[in-house]
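K.L.:
Shown below is the structure under consideration.
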Amino acid sequence: MTNFIEMIPYETPERMSEAAFKLANIIGISKALIPRDTDYNRVVASLAGIILYRHLDGSRRREVMEMVHSFSTSHRAFCGQMEGKIANILVQARWEKWSLTNRELEEIVEAHRKFGRLSSVVGANPGAYGVGAATWSIIKHGASTGGIVGFAVSVILVGVGEASYQQGESASAELQSRHKAIPANRNSLIN
């Protein structure tokens, strides 16, 4: 059996029960679903395997799925949550930041930093100026189609700017949590 816990980019507590709770928290599975009447080594191995799933070859992916399915009869909700996490990363890896490599996270941070820089070159957020201008136009000239469309587009630009900022911050926070956690002598599969 592969030792997936040694391959993840997170430091885990030595006690397997604590490690299970920490990994469940990282991937977004409720602590309440973690089986208390089972071997925590299996739980930790399954959760670590899910974190690595995108980066594993076919035989190791089967190994992870077998571990996940070993919970299907006695802990269906836990098994279902783990299967859902695997489905999410296969459909769209960026939905689950913990499944991304450090390089992928750095690219996300850089892309959103560039978008933020563009916004500052244009002057704050171009959408913010548009909201003000469109609002003034509506007040001064009445609610015309052009004024309302301009207002709507400006509000969307403000939202895009904020969403970009939040995505960049989220990716940056994930990177920071990994940099603090990985001991120098540990070589993670997704570093």
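The values are calculated or read from the model by the stated rules, or taken from the named source; none is laboratory data. Because the structure is predicted, anything quoted here is derived from the model rather than measured. Don't worry about glycine lacking a Cβ; one is built from the backbone with ideal geometry, like all the others, and counts go over all protein chains shown. Note: areas computed on protein heavy atoms with side chains; ligands, DNA, RNA excluded. Shrake-Rupley method; radii C 1.70, N 1.55, O 1.52, S 1.80 Å.
K.L.:
What pairs come up if the first residue lies in the range 52-71 and is in contact (Cβ under 8 Å) with a residue 40 or more places away in the chain, the second is assigned to a helix (DSSP H, G or I) and basic (Lys, Arg), and their beta carbons are under 9 Å apart, counting only those six or more places apart or on different chains?
P.N.:
Final answer for the pair search is LEU52/ARG60; TYR53/ARG60; TYR53/ARG61; TYR53/LYS85.
K.L.:
Hey, can you tell me all the residues within the range 26-50 that are closer than 20 Å to ILE89 by Cα and not hydrophobic (A, V, I, L, M, F, W, C)?
P.N.:
Of everything in the range 26-50, those that are closer than 20 Å to ILE89 by Cα and not hydrophobic (A, V, I, L, M, F, W, C) turn out to be GLY28, SER30, SER46, GLY49.
K.L.:
May I ask you to list pairs of residues, at least six apart or on different chains, whose Cβ atoms are under 6 Å apart, with the first in the range 88-99 being farther than 18 Å from LEU175 by Cβ and the second being outside any loop (DSSP other than H, G, I, E, B) and open to solvent by 50 Å² or more (accessible area, probe 1.4 Å)?
P.N.:
Correct list of pairs: ASN88/TRP95.
K.L.:
Quick test of your reading of the structure: THR101 fulfils all but one of (1) surrounded by fewer than 20 Cβ atoms within 10 Å (Cβ to Cβ); (2) modelled with pLDDT of 90 or more; (3) among the hydroxyl-bearing types (Ser, Thr, Tyr). Name the failing condition by number.
P.N.:
(2)
K.L.:
If you check ALA77, ALA24, ALA45, ALA32, which single one turns out to be open to solvent by less than 80 Å² (accessible area, probe 1.4 Å), closer than 30 Å to GLU169 by Cβ and of a type in the set (Gly, Ala, Ser)?
P.N.:
Going through ALA77, ALA24, ALA45, ALA32 in turn, the sole match is ALA24.
K.L.:
Looking at LYS114, is it more than 17 Å from PRO35 (Cα to Cα) and open to solvent by 80 Å² or more (accessible area, probe 1.4 Å)?
P.N.:
Yes; evaluated as a whole, the condition is true for this residue.
K.L.:
Right, another one. Regarding the range 3-17, can at least one residue be identified that is surrounded by fewer than 17 Cβ atoms within 10 Å (Cβ to Cβ) and under 20 Å from the mean Cα position of the chain (by Cα)?
P.N.:
Within the range 3-17, one or more residues are surrounded by fewer than 17 Cβ atoms within 10 Å (Cβ to Cβ) and under 20 Å from the mean Cα position of the chain (by Cα).
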